[in-house]
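Data first, discussion second: the structure below is written as C-alpha cells.
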Amino acid sequence: MNITPKKILIIRFSSIGDIVLCSPIVRCLKQKFPSAELCFLTKEMYKDLVIHNQNLTKVFELNEEIYETIAQLKLAQFDLVIDLHNSIRSRFICANLGIESVHYQKGNLHKFSLIYLKKSPFASFHVVDRYFEALDELGVQNDGNGLDFFIDKSNEQKLKSQFDALNKHFAVLVLGANYFTKMIPKNKLEEIIKRISVPIVLLGGKSEITLANELSLKYLKISNQVGKTDLLESAFWIKNAQFIVTPDTGMMHIAAAFKKKIYVVWGSTVPEFGFWPYYGKNYENKSINFFVPQLSCRPCNRMGSAACPKGHFKCMNDQDFSNLIL
C-alpha cells in the first residue's frame, strides 16, 4: 500500500482482552507514522481501556445507530482504517467511509479445526501476530515490547490506602469470565485459595458477588473487590499484585500488559486459539498453564459456553492443583 497516512482510525468494538491486545498495534503505528493522528472506535463500555493511551488522539464510541457513527467519522476525515474486528458491522463502516482500509484475518478455519477435529493443519498464531500480519503492506513492524495498559493517576490515588493496608504483598484471584465454561468452580477456587500464602484480592463482576461474599467470609486473607471496581480500578490491583490466578479472561491480558506472573486455568478454551498471555519477544513469558490433559471434548467452543455440552464439566472439575504452592 503506497500511502503515508495523516489520520488513522483503528476499529475494535469489544471485548476487554481483544482491545488490550490491540495496544501494540497502536504503539507501533505511532512509531511508523509519528506525525499521524491515531483514533480508536470502540463500544462505550470499553472506552476506559483506551481513553488514557498516550498514542491516541481521540476515542470514538460506537453509536446504536450506526449511521450516526459513520457521520461522525466522516467529519473526522480519516485517510486510513485499520479494522481489527473484521465483522459485518466493521466492514460496513469501512465501506461507507470510502477510504483505504486493511482488515485482519481471524483464522476461523484453524479454530473450527481445533473444535471439531481436536487438531488443526494450520499453525497457531497469536492474535497480535495476526494483527501485525494485516499491517505488512504498511511496513509496520512489531517492536517486541508486548502489550500496553494505561491507568489514570486519579484511580491510583483513590485505591492507594487499600493497597497500603495489604502491605503491598498480595495476589489477585479472578472469579468471573464471560462464559460459564471458562469459570473456575467454587470448590476449585477454594483449593487455590488454600495454596496461596499471601493476602488475596478477589476481582469479578456483579454476577460473582454472592460467590465472592461466601469466600471472603470463610477465608480471612481475602480482600473482596468483586462488584466494587471498574475496569481501571481492577487494572490497578493487577498492576500491583505479586501474581494473578485467572481463567481465560480479559484480566489475563491486562496482567500480561503489566508483565505479571500469571497462573492461567484453562477450561473449555485452549491457548492454541491464539489468545494466550502475550508478553512480547523482548520479555520473559511468565505465564503457567493449568489444564486437564487428554480430554477428548476440549475445546468445545471458541469463546466458551453457557453450560458444559457434555454435562460433566471435566475441563474444570478435574483440574489438579495438588502441586500448586503460591
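When we screen LYS206, LYS186 for residues that are surrounded by fewer than 16 Cβ atoms within 10 Å (Cβ to Cβ) and closer than 22 Å to PHE313 by Cα, the only hit is LYS186. The single condition among (1) farther than 23 Å from ILE196 by Cα; (2) part of a loop (DSSP other than H, G, I, E, B); (3) not small (Gly, Ala, Ser) that GLU272 does not meet is (2). When the criteria are applied in full, ILE244 fails the requirement of being over 23 Å from ASN187 (Cα atoms) and modelled with pLDDT of 95 or more. Where residues in the range 213-235 are surrounded by 23 or more Cβ atoms within 10 Å (Cβ to Cβ) and of a type in the set (A, V, I, L, M, F, W, C), which of them is nearest to LYS47 (Cα to Cα)? Within the range 213-235, the match that is nearest to LYS47 (Cα to Cα) is ALA235. Looking only at helices (runs of 4 or more DSSP H) that fall completely inside the range 117-225, which ones have 3 or more residues that are not assigned by TED's automatic domain parsing to the domain that holds LEU21? Because the criterion is at least 3 residues that are not assigned by TED's automatic domain parsing to the domain that holds LEU21, the helices (runs of 4 or more DSSP H) in the range 117-225 that meet it are 153-165, 186-194, 209-218. Entry remark, the range 113-134: residues being out of contact with any His (no Cβ under 6 Å at 6 or more places or on another chain), touching a residue at least 40 places away in the same chain (Cβ under 8 Å) and more than 20 Å from CYS22 (Cα to Cα) number 3 in total.
Residue by residue, here is whether (1) more than 19 Å from MET183 (Cβ to Cβ); (2) part of a helix (DSSP H, G or I); (3) not aromatic (Phe, Trp, Tyr) holds:
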site: GLY227; (1), (2), (3): no, no, yes
site: ILE238; (1), (2), (3): no, yes, yes
site: THR246; (1), (2), (3): no, no, yes
site: ALA256; (1), (2), (3): yes, yes, yes
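Could we say that GLY267 is in contact with a Pro (Cβ under 7 Å, 6 or more places away or on another chain) and part of a loop (DSSP other than H, G, I, E, B) here? The answer is yes for GLY267.
Being assigned by TED's automatic domain parsing to the domain that holds ALA134, of a type in the set (A, V, I, L, M), touching a residue at least 24 places away in the same chain (Cβ under 8 Å) and not in a helix (DSSP H, G or I) holds for only one residue in VAL26, VAL102, VAL59, and it is VAL102.
Across the range 189-210, the number of residues qualifying as hydrophobic (A, V, I, L, M, F, W, C) and more than 15 Å from SER234 (Cβ to Cβ) comes to 5. PRO277: buried (at least 22 other Cβ atoms within 10 Å of the Cβ) and under 17 Å from VAL201 (Cα atoms), yes or no? Answer is no for this residue.
Residues in the range 281-301 that are surrounded by fewer than 18 Cβ atoms within 10 Å (Cβ to Cβ) and in contact (Cβ under 8 Å) with a residue 60 or more places away in the chain: LYS281, ASN282, TYR283, SER296, ASN301.
Only one entry in LEU41, LEU114 is touching a strand residue (DSSP E or B) at 6+ places or on another chain (Cβ under 9 Å) and outside any loop (DSSP other than H, G, I, E, B), namely LEU41.
Condition check ((1) of a type outside the set (A, V, I, L, M, F, W, C); (2) closer than 26 Å to SER268 by Cα; (3) modelled with pLDDT of 95 or more; (4) in contact with a His (Cβ under 8 Å, 6 or more places away or on another chain)) across all residues:
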position	(1), (2), (3), (4)
LEU166	no, no, no, no
VAL172	no, yes, yes, no
GLY176	yes, yes, no, no
LYS186	yes, yes, yes, no
TYR219	yes, no, yes, no
ILE222	no, no, yes, no
LYS228	yes, no, no, no
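Just one of the numbered conditions (1) modelled with pLDDT of 95 or more; (2) surrounded by fewer than 20 Cβ atoms within 10 Å (Cβ to Cβ); (3) of a type in the set (Ser, Thr, Tyr) is not true of SER113: (1).
The values are calculated or read from the model by the stated rules, or taken from the named source; none is laboratory data. These numbers were taken from a predicted model, which means no experiment stands behind them. When we count neighbours, we look across all protein chains shown, and the Cβ atoms used for this are built from the backbone with ideal geometry, even at glycine.
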